[in-house]
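Down below is the structure, laid out as structure tokens.
The values are calculated or read from the model by the stated rules, or taken from the named source; none is laboratory data. Quick caveat, the model's predicted, so the values are computed rather than measured. Cβ: placed from backbone, ideal geometry, glycine included. Neighbour counts: every protein chain shown.
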Amino acid sequence: MTAADWTLDRGFLSSSGEVRWGVLGAPDAPPVVLVHGTPFSSYVWRAPARALASRFRVHVWDLPGYGASEMRPGQRVDLDSQSRVLTELLDHWGLGPDGPAPAVVAHDFGGAVALRAHLLHGAAYSRLALVDPVALAPWGSPTYRLFAEHSDVFRQLPAELHEALVHRYISSCSHPGLRPDTHARLVAPWLTEAGRDAFYRQIEQNDQRFTDDIQGRYGELELPVLVCWGAEDTWIPVGRGRELATVIPGAALRIIEGAGHLVQEDAPAELTAALLEFLRAPRRDG
């Protein structure tokens, strides 16, 4: 993992294809795993990851079908497949249950991935931070549902119209607006031939049943949980964050003013400060 740019320099062959990953921080530092959402990549975690690496061993990765990881026809990239991949990666990294249990920080669909891995697949965490997660029904914006219901039609769009669509969709994740270079980096993976198909594949494979499976089990979470939310999130309103914090026992809630859905870009310093406070807090069991 290089510090000057963002290059995932390691690979792992998962059940859903090759995963590109990287790690920052001292080998003996407490482990933290960052999980991105859709339609993003680990690139959105670069600022918090570098800051957290001063105290933690930070693992970052691109989900299969996203970013630098493998994209291919027929690939399983639904939320359950992704949660199985996360469980496989933790084992590959030697993190819980037989090694040190990591703290997990998950954004957007990454929240559902992390919750499913923990509740259904036995992934062990020391604590869990959920940043504007997909966790409560109903979810999916009207635009997202339109993509899912008519993915075969959208795949037939001319390249320039697909590009315009992806540009507009990604721009709506930020409240103050993304920097042009950041916006270009987030859009780029979806503009290749493989990326274009992958963009619609990940949308059509996901539906609410993947959170319906676990929503009734959030009361079973027996670890410290932080819920962070951008106050200006138009993808998943902040009221969902308040609701989620009430159904998870002992969960703390942090609302970040001036941030939209992509809090990592809109308010990286504020988010990192909230994460550092949470990750360094003494654990109270019992």
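Within the range 111-136, the set of residues being in contact with a Ser or Thr (Cβ under 6 Å, 6 or more places away or on another chain) and surrounded by fewer than 17 Cβ atoms within 10 Å (Cβ to Cβ) comprises just one member, His121. Of the residues contained in the range 95-104, none is found to be surrounded by fewer than 21 Cβ atoms within 10 Å (Cβ to Cβ), in a loop (DSSP other than H, G, I, E, B), free of Cβ contacts under 8 Å to residues at least 60 places away in the same chain and touching a strand residue (DSSP E or B) at 6+ places or on another chain (Cβ under 7 Å). Among all residues of the range 175-195, there is at least one that is surrounded by 17 or more Cβ atoms within 10 Å (Cβ to Cβ) and among the charged types (D, E, K, R).
Only one of the listed residues (Ile214, Ile203) is under 19 Å from Pro138 (Cα atoms), assigned to a helix (DSSP H, G or I) and at pLDDT 95 or above. That residue is Ile214.
Within the range 225-280, the set of residues being acidic (Asp, Glu), surrounded by fewer than 21 Cβ atoms within 10 Å (Cβ to Cβ) and either more than 22 Å from Arg127 (Cβ to Cβ) or within 19 Å of the chain's Cα centre (by Cα) (or both) comprises Glu232, Glu257, Glu270. Taking the range 131-168, which residues are more than 19 Å from the chain's Cα centre (by Cα), in contact (Cβ under 8 Å) with a residue 40 or more places away in the chain, assigned to a helix (DSSP H, G or I) and more than 25 Å from Ala114 (Cα to Cα)? Within the range 131-168, Ser151, Phe154 qualify. A search for C-beta distances below 8 Å between a residue of the range 116-129 that is modelled with pLDDT of 95 or more and any residue that is hydroxyl-bearing (Ser, Thr, Tyr) and outside any helix (DSSP H, G or I), counting only pairs 6+ apart in sequence or on different chains, returns His118/Tyr125. What do you reckon, is Pro48 at pLDDT 95 or above and either surrounded by fewer than 20 Cβ atoms within 10 Å (Cβ to Cβ) or assigned to a helix (DSSP H, G or I) (or both)? Spelling it out, Pro48 is indeed at pLDDT 95 or above and either surrounded by fewer than 20 Cβ atoms within 10 Å (Cβ to Cβ) or assigned to a helix (DSSP H, G or I) (or both).
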